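A short worksheet on the structure shown next.
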Amino acid sequence: NASPSQRMIPTSASLKLESAPRSEGILVAVASGSTVAISVYIRKSAAGDGTAYTGNQPRLIQRANSALGQDSDVVLATYSAGTGAWNQLSATSSSATDDGAWEFIVDCDGTGGGWINVDDWAAS
């Protein structure tokens, strides 16, 4: 969680800001019948940064992949810590029904001018 990190500045309380366009998130190979352990560090801005993040809690998302048996996006983990410090979200993916790659992103929302930083993805 050292520089640089991805900064996400949401501008809508009703539309989620995603860390990557579809098919450009974190791709992790998975074998049929297996799962993937995934983690990412997130930091919500605090008042001391200039503006505190005031949106809903950021989420770690596994994107849908019908070829692997998952027809809709899955929320794997939701941020639950305070602002101003790095915190890790960790989860396990769905079990794949074929060989392929799961795609992972982080999303957030809000209109208060705050932001989140995303860094240090890891998968196994």
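The values are calculated or read from the model by the stated rules, or taken from the named source; none is laboratory data. In this text, all values refer to a predicted model and were calculated from it rather than measured experimentally. All Cβ positions, even for glycine, are placed from backbone atoms using ideal geometry, and neighbour counts span all protein chains on display. SASA here: full protein model, heavy atoms, side chains in, ligands and nucleic acids out. Shrake-Rupley method; radii C 1.70, N 1.55, O 1.52, S 1.80 Å.
Residues in segment 6-20 that are open to solvent by less than 50 Å² (accessible area, probe 1.4 Å) and outside any strand (DSSP E or B): how many?
Summing the residues that are open to solvent by less than 50 Å² (accessible area, probe 1.4 Å) and outside any strand (DSSP E or B) in segment 6-20 gives 4.
Quick test for you: out of ALA67, ALA81, pick the one residue that is part of a loop (DSSP other than H, G, I, E, B), open to solvent by 20 Å² or more (accessible area, probe 1.4 Å) and farther than 12 Å from PHE104 by Cα.
Checking each option against the conditions leaves just ALA81.
Among the residues of segment 45-60, are any closer than 22 Å to SER124 by Cβ, surrounded by fewer than 16 Cβ atoms within 10 Å (Cβ to Cβ) and not polar (S, T, N, Q)?
Scanning segment 45-60 turns up no residue that is closer than 22 Å to SER124 by Cβ, surrounded by fewer than 16 Cβ atoms within 10 Å (Cβ to Cβ) and not polar (S, T, N, Q).
Taking segment 84-114, which residues are out of contact with any strand residue (DSSP E or B) (no Cβ under 8 Å at 6 or more places or on another chain) and among the polar types (S, T, N, Q)?
Correct list: SER95, THR97, THR111.
Would you check which residues across segment 28-44 are under 28 Å from THR83 (Cα atoms) and either surrounded by fewer than 16 Cβ atoms within 10 Å (Cβ to Cβ) or over 15 Å from the mean Cα position of the chain (by Cα) (or both) and list them?
Correct list: ALA37 only.
How many residues are open to solvent by 30 Å² or more (accessible area, probe 1.4 Å), within 26 Å of PRO10 (Cα to Cα) and among the polar types (S, T, N, Q) if we restrict to segment 89-124?
Within segment 89-124, residues that are open to solvent by 30 Å² or more (accessible area, probe 1.4 Å), within 26 Å of PRO10 (Cα to Cα) and among the polar types (S, T, N, Q) number 2.
So is SER23 in a loop (DSSP other than H, G, I, E, B), surrounded by fewer than 19 Cβ atoms within 10 Å (Cβ to Cβ) and on the phi > 0 side of the Ramachandran plot or not?
Criteria met by SER23.
Within segment 65-105, how many residues turn out to be over 16 Å from the mean Cα position of the chain (by Cα) and not aliphatic (A, V, I, L, M)?
Counting residues in segment 65-105 that are over 16 Å from the mean Cα position of the chain (by Cα) and not aliphatic (A, V, I, L, M) gives 13.
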